Amino acid sequence: MENCIFCKIIAGEISSKKIYEDERCLAFYDIAPMAPQHFLVIPKEHLTGANKIYEEQEALIGHIFGVIRKLTSVIGFSDGFRVVTNCGKDAGQTVDHLHFHVLGGKELGSFN
Ligand code: 5GP
Ligand code: ZN
């Protein structure tokens with residue numbers, strides 16, 4: 001998708017600190033971490049957000065959560081982690097390409 005920062009990261013047009021990549025998704029560190037450990041997992045398919053997840057994306061989303069499980073088990077999230085996806089203006093979504101924040105490395109507390 002033109003003018004999508006995350007599509008440009010997938011295409012290698014914008015550099016990122018990649019953690020993992022396969023044919024369906026990419027994981028890379030967030031440029032502005034909100035926790036000691038903070039990475040993003042994105043599908044290579046351009047979906048604008050969680051409101052565009054339908055049955056046909058079930059396998060993709062399951063795959064992404066499998067990747068999250070594997071990465072958190074090797075990166076050092078032994079005390080837990082949080083997965084967040086912001087969807088739309090009220091949630092503060094700033095990049096309109098579906099992404100899952102994975103945060104950890106400290107007690108995150110509750111959120112409002
Ligand atoms: P949102 O606010 O849409 O849920 O999250 C977007 C996230 O993408 C933010 O945490 C922001 O720091 C991150 N981000 C935005 N642009 C870039 C970039 O060019 N590279 C990386 N690695 N992260 C980015
Ligand atoms: Zn995109």
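Annotation: per residue accessible area for the chain equals 62 Å², rounded to a whole number [probe 1.4 Å, protein chains only]. In straight-distance terms, cross-link reach from Lys89 covers every one of the lysines whose alpha-carbon lies under 24 Å from its own, apart from those fewer than eight places away in the same chain; here that gives Lys8, Lys44, Lys52.
Using the Cα coordinates of segment 44-112, the gyration tensor eigenvalues translate into equivalent-ellipsoid semi-axes of 22, 17, 9 Å, sorted from longest to shortest.
Straight Cα distances below 20 angstrom link Lys106 to the lysines Lys70, with same-chain residues fewer than 8 positions distant left out.
Computed over protein heavy atoms with a 1.4 Å probe, the carbon and sulfur contribution to the accessible area of the chain reaches 51%.
Leaving ligands, DNA and RNA out of it, work out the accessible area of Ser15 with a 1.4 Å probe and give it in Å² to the nearest 10. Counting only protein heavy atoms, the figure is 110 Å². Under 18 Å of direct C-alpha separation, and excluding same-chain neighbours fewer than eight residues apart, Lys18 reaches these aspartates and glutamates: Asp30, Glu45. Compared with the alpha-carbon gap, the fully stretched path from Lys52 to Val83 is longer by 9.4 nm at 0.36 nm per residue. Shown for segment 41-82 is the translational diffusion coefficient from the Stokes-Einstein equation, using the Kirkwood radius over Cα pairs, a temperature of 20 °C and a viscosity of 1.002 mPa s: 185 µm²/s. Using the Cα gyration tensor of segment 1-87, with a ≥ b ≥ c the square roots of its eigenvalues, what is the shape: rounded (a/c below 1.5), prolate (a/b larger than b/c) or oblate (neither)? Taking the square roots of the gyration eigenvalues as a ≥ b ≥ c, segment 1-87 is oblate.
The values are calculated or read from the model by the stated rules, or taken from the named source; none is laboratory data. Note that the structure is a prediction, hence the values are computed from the model and not measured. Areas reflect the complete protein model, heavy atoms only, side chains present, ligands, DNA and RNA absent. Shrake-Rupley method; radii C 1.70, N 1.55, O 1.52, S 1.80 Å.
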